There are 2 protein chains.
Amino acid sequence: MNDQSRTSSRTGGRAARRAARATALPEHLRPVRPGMEGGVLNVLTQAQIERIHQAALTALETIGLADAPQSGIDYLVGAGCILGDDGRIRFPRALVEDTIAKANRSITLHSRDGKTDLELSGTKVHYGTAGAAVSMVDVHGQEYRDSTVQDLHDAARICQQLENIHFVQRPMVCRDIVDNLEMDLNTIYAACSGTFKHIGTSFTEPSHVAPAMEMIYMIAGGEDKYRERPFVSNSNCFVVPPMKFATESCEVMEECIKAGMPVLLLSAGMAGATAPSTIAGAITQATAECLAGLVYVNAVSPGAPAVFGTWPFGLDLRTGAMSIGSGEQALLTAGCAQMHRFYDLPGGAAAGASDSKLPDMQAGWEQMCSNVMAGLSGLNMVYEAAGMHASLLGFCHESLILSDDLIGQAQRCVRGIEVTDETLALDQIAEVCMGGPGHYLGTDATLSRMQADYVYPVFGDRTSPKEWVELGKPGLIEKAIKRKEEILSTPSPARFDPLLDAELRANFKIHLPL
Amino acid sequence: MNDQSRTSSRTGGRAARRAARATALPEHLRPVRPGMEGGVLNVLTQAQIERIHQAALTALETIGLADAPQSGIDYLVGAGCILGDDGRIRFPRALVEDTIAKANRSITLHSRDGKTDLELSGTKVHYGTAGAAVSMVDVHGQEYRDSTVQDLHDAARICQQLENIHFVQRPMVCRDIVDNLEMDLNTIYAACSGTFKHIGTSFTEPSHVAPAMEMIYMIAGGEDKYRERPFVSNSNCFVVPPMKFATESCEVMEECIKAGMPVLLLSAGMAGATAPSTIAGAITQATAECLAGLVYVNAVSPGAPAVFGTWPFGLDLRTGAMSIGSGEQALLTAGCAQMHRFYDLPGGAAAGASDSKLPDMQAGWEQMCSNVMAGLSGLNMVYEAAGMHASLLGFCHESLILSDDLIGQAQRCVRGIEVTDETLALDQIAEVCMGGPGHYLGTDATLSRMQADYVYPVFGDRTSPKEWVELGKPGLIEKAIKRKEEILSTPSPARFDPLLDAELRANFKIHLPL
């Protein structure tokens, strides 16, 4: 955490210190960064984890999963699964245990420019967008309207500028594109031309994978280039909970694995509807389903990169409506993160979304609750961490921008407390108290750590009430709108080279205007 | 968690189930309650805790504290402390260790009516108000104005109605009362006549304790009644960090202990100003100061009830302004909670306050971050948990009301995950998947747990965008304003009996109108 150039301010006086503070910090001195290690929150005890694991194995052995495609049946039976007369595929315990032992436990989700690659292993934490919202939240008019490909592109461009958004899984559906193949292809185009960060996307049908890979290989500069550094991964709802394979999605998954694409094995049961209403039961079922997916992936291609995507969601049981902002949701996600740690597998789950329709106080508390708990639990991939409203139905650009602050603070919590002789500060306490100034303001120890140790909000307000009035009572949303307009008024740094762009437009029907 | 009367709905059909759901749950079935046990979050390792402890002991032994009053010097030297030529009192390690061993580790903070007593021990978590805000936040006009005794009384009345606010330490100063003695007395009157919940208050001068006790004994129905169930405690800033006793406050403390009043030993250093800027250093200093306080209390009266109040606050080091809503603050408080657990002493710290001027998205994320982490860390008393804005300068009734929802969700997280054969739900999964309906909606298992397991927000919105539009896009703040008006338009249930009230008004100058 120390740097000679920073502590040299000892001799430089106040102006030099101010200048040093105003300079952007070198990467290694940033107070928070992608991939910090969590794991200090344990909502489950080791004994509880073992019970969930055993229950999941029993569910796989005795209940199994229905509806695998024929290709999947072949892969799974070939690997040692048993196809029952009832059409369900059951998984012997030993097979599942063996698969866990040999699965890929350290994968890289690449960025297009190599600057923001995500190393998924251990308890390294990353935050990003995800979802399939169908609406955009217009904060001006407090209205919901259909989301478009332009909205998606804009979201990607905004994410490119936000330090604490580490990946861009497609958060919303391009509803202005009627044809599903065109939608899938334009989703990739809109996301990749908006950001260099790692992209996650979905495919409506297995037949869409081939043309999509053609586009992605073109963007990469060739199939070999993509296979070397896959910067797009497949978010794959391979199960229809409870305990049924999603036949077509499994076929998509097989295609993606063959094309060199990492797969997010996404099990999105809803506790009380498509999963048991209890938190333990929902985690058990999601774990069983993702273990089935893991066996499937490794049967197709041993060691293929996969993210263990237990995404159980909460319901409001009074109404049957989805609920994503609850304490129960935060526990579901934190518990899943512990299962990932138990298996030592790259894992992801949903956190940071809100039930509120607008970026208001409710949105703030809901987004922070699950985001900070996910990070403290050491979740590798925190999906839906920013911009998500109305129980996943709406996406909001301004909220996305504000989430950069929110996630920055959550990451500060994940970073935790350093305890060293220097940070314990006994010498400093003695010096200040006995014959010293009686306070720590402006001491070298204070100044030298003020940037590397503290996360300062960009939009969050820390003025006094008096200053706030003098500044005209700046509103949080207004500041976010201004930042959005700034970002979108400059060209996308991730936009394609004109020659590549022309080639893409010649080969595919691109909906975004030139 | 089971109850025969609830599972009897199995035979009663849908109407019976609806009726059962509409009925308020008996206390033991409520999804969250005061005093739930935290402790699953460990931002410090055991080795780090030991280092902080040893550093605190060294600070007490070698640096000690200045500025004790003569009475305090007498008590402390009598107990084994050493008064140095520099006027500082130093604490031998063995004395501190002995004091920790024999201190009162399980105390009750009583309510006036006996219904909401707080048992402080282990990792039992309680949330409440506290502070010394000088302004009220008027959400209508987005203005800050001086706080008054009426505001304090109204805050107490609101707290009385909020299930998740467990105690009412005075959150704001009655700035309309110029005379300090009158202010101290009216603070007690306004709080006690507004709520039965446990009250925390401060005294400006040692001489104010006697008349205040006179008032409190009258409210209690006699000194013996109060001493049996002390429903008012003293929030005492006994130190001026770094490492100096607050001379007059120590005298107040002595008076309070003698009067049978529990004491909150409050050390409120500001990291980077009156405490080291590092989180570990600020925790070390606060721990040392509170250990000094603990020795002091036990020297005055062995086993006297005291709350270990390490309240280090964060600063914005760029500006020197106080910052309370940061990730650093959440870590400061979570780390302190672990020190309390290490000592097995009743402890409290500040969480849940915001730097934002208004109850907006920033307020939501800041309040949740530290509140949920404090609870997960098993902090006995989470002070400043509701209504606090502008880095502790402003209090907001509407925000207080909304915090009841926020804290409810935080408590749900504290409650954690139950893992039993029933909650693992293997039988249920099998039944639903193999020959069953293929979903869990409306199953007995789902319906029987829908109230005892889930916390439903009162103000938080979970409607769909469509329903939300149909309802006229209800705003969070508007709902809180409405609730506030409802509460304040009915008489305070905690108001004094007219005879007692007349007696109090005859003996003291009461500023609140009859």
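Among residues of the stretch B:42-56 that are within 8 Å of another protein chain (Cβ to nearest Cβ), those with a Cβ under 6 angstrom from a residue that is of a type in the set (S, T, N, Q), sequence gap 6+ or separate chain, pair up as B:Leu44/B:Gln338; B:Ile52/B:Thr284; B:Ala55/B:Thr284. Only residues that are out of contact with any Cys (no Cβ under 9 Å at 6 or more places or on another chain), closer than 30 Å to A:Val432 by Cβ and without any contact (Cβ under 8 Å) to a residue 40 or more places away in the chain were counted across the stretch B:219-249, and they come to 1.
Scanning the stretch A:401-457 for residues that are touching a residue at least 60 places away in the same chain (Cβ under 8 Å) and part of a loop (DSSP other than H, G, I, E, B) turns up A:Gly416, A:Glu418, A:Met450, A:Gln451, A:Ala452, A:Asp453, A:Tyr454, A:Val455.
This table checks each residue for (1) surrounded by fewer than 23 Cβ atoms within 10 Å (Cβ to Cβ); (2) more than 14 Å from every other protein chain (Cβ to nearest Cβ); (3) in contact (Cβ under 8 Å) with a residue 12 or more places away in the chain.
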site: B:Ile199; (1), (2), (3): no, yes, yes
site: B:Ser202; (1), (2), (3): yes, yes, yes
site: B:Ala212; (1), (2), (3): no, yes, yes
site: B:Tyr217; (1), (2), (3): yes, yes, no
site: B:Glu251; (1), (2), (3): yes, yes, yes
site: B:Glu255; (1), (2), (3): yes, yes, yes
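Residues that are in a loop (DSSP other than H, G, I, E, B) and at the interface with another protein chain (Cβ under 8 Å from one of its Cβ atoms) were ranked within the stretch B:315-337; the one that is nearest to the chain's Cα centre (by Cα) is B:Gly325. A single member of B:Val149, B:Val96, B:Val125 is touching a helix residue (DSSP H, G or I) at 6+ places or on another chain (Cβ under 6 Å), farther than 30 Å from B:Ser492 by Cβ and modelled with pLDDT of 95 or more, and it is B:Val96.
Being β-branched (Val, Ile, Thr), under 20 Å from A:Ala55 (Cβ atoms) and either more than 14 Å from chain B (Cβ to nearest Cβ) or assigned to a loop (DSSP other than H, G, I, E, B) (or both) is the filter here, so list the residues in the stretch A:267-309 that pass it.
Here is the first cut: in the stretch A:267-309, the ones β-branched (Val, Ile, Thr) are A:274, A:278-279, A:283-284, A:287, A:295, A:297, A:300, A:307.
From what's left, under 20 Å from A:Ala55 (Cβ atoms): A:274, A:278-279, A:283-284, A:287, A:295.
Once the filter is applied, which keeps residues that are β-branched (Val, Ile, Thr), under 20 Å from A:Ala55 (Cβ atoms) and either more than 14 Å from chain B (Cβ to nearest Cβ) or assigned to a loop (DSSP other than H, G, I, E, B) (or both), the stretch A:267-309 yields A:Thr274, A:Thr278, A:Val295.
For residues that are touching a residue at least 40 places away in the same chain (Cβ under 8 Å) and closer than 15 Å to B:Met450 by Cα, scanning just the stretch A:265-297, find the one that is surrounded by the most Cβ atoms within 10 Å (Cβ to Cβ). By that ranking, first place goes to A:Ala282. Among the residues of the stretch B:338-366, those identified as part of a helix (DSSP H, G or I) and either more than 17 Å from the chain's Cα centre (by Cα) or of a type in the set (A, V, I, L, M) (or both) are B:Met339, B:Phe342, B:Tyr343, B:Met361, B:Gln362, B:Ala363, B:Gly364, B:Trp365.
For the stretch A:31-41, enumerate the residues that are assigned to a loop (DSSP other than H, G, I, E, B) and either more than 7 Å from chain B (Cβ to nearest Cβ) or at positive phi (or both).
To start, the set of residues in the stretch A:31-41 that are assigned to a loop (DSSP other than H, G, I, E, B) comprises A:31-35, A:38-40.
Of everything in the stretch A:31-41, those that are assigned to a loop (DSSP other than H, G, I, E, B) and either more than 7 Å from chain B (Cβ to nearest Cβ) or at positive phi (or both) turn out to be A:Pro31, A:Val32, A:Arg33, A:Pro34, A:Gly35, A:Gly38, A:Gly39.
What do you reckon, is B:Asn104 more than 14 Å from chain A (Cβ to nearest Cβ) and either within 14 Å of B:Cys290 (Cα to Cα) or surrounded by 14 or more Cβ atoms within 10 Å (Cβ to Cβ) (or both)? Considered against the rule, which asks whether it is more than 14 Å from chain A (Cβ to nearest Cβ) and either within 14 Å of B:Cys290 (Cα to Cα) or surrounded by 14 or more Cβ atoms within 10 Å (Cβ to Cβ) (or both), B:Asn104 comes out as yes.
Going through B:Leu476, B:Leu500, B:Leu504, B:Leu514 one at a time, which residue ends up being at negative phi and surrounded by fewer than 14 Cβ atoms within 10 Å (Cβ to Cβ)?
Working: B:Leu476 fails: surrounded by fewer than 14 Cβ atoms within 10 Å (Cβ to Cβ); B:Leu500 fails: surrounded by fewer than 14 Cβ atoms within 10 Å (Cβ to Cβ); B:Leu504 fails: surrounded by fewer than 14 Cβ atoms within 10 Å (Cβ to Cβ).
Unique residue meeting the criteria: B:Leu514.
When you scan the stretch B:470-483, do you find a residue that is at the interface with another protein chain (Cβ under 9 Å from one of its Cβ atoms) and either under 29 Å from A:Ala337 (Cβ atoms) or not hydrophobic (A, V, I, L, M, F, W, C) (or both), even just one? Yes, that holds for at least one residue.
Could you say which residue among A:Leu376, A:Leu426 is at the interface with another protein chain (Cβ under 7 Å from one of its Cβ atoms) and surrounded by fewer than 24 Cβ atoms within 10 Å (Cβ to Cβ)? Steps first, answer last, please.
Values: A:Leu376 fails: surrounded by fewer than 24 Cβ atoms within 10 Å (Cβ to Cβ).
Among A:Leu376, A:Leu426, only A:Leu426 is at the interface with another protein chain (Cβ under 7 Å from one of its Cβ atoms) and surrounded by fewer than 24 Cβ atoms within 10 Å (Cβ to Cβ).
The values are calculated or read from the model by the stated rules, or taken from the named source; none is laboratory data. None of these values were measured; they are calculated from a predicted model. Cβ: placed from backbone, ideal geometry, glycine included. Neighbour counts: every protein chain shown.
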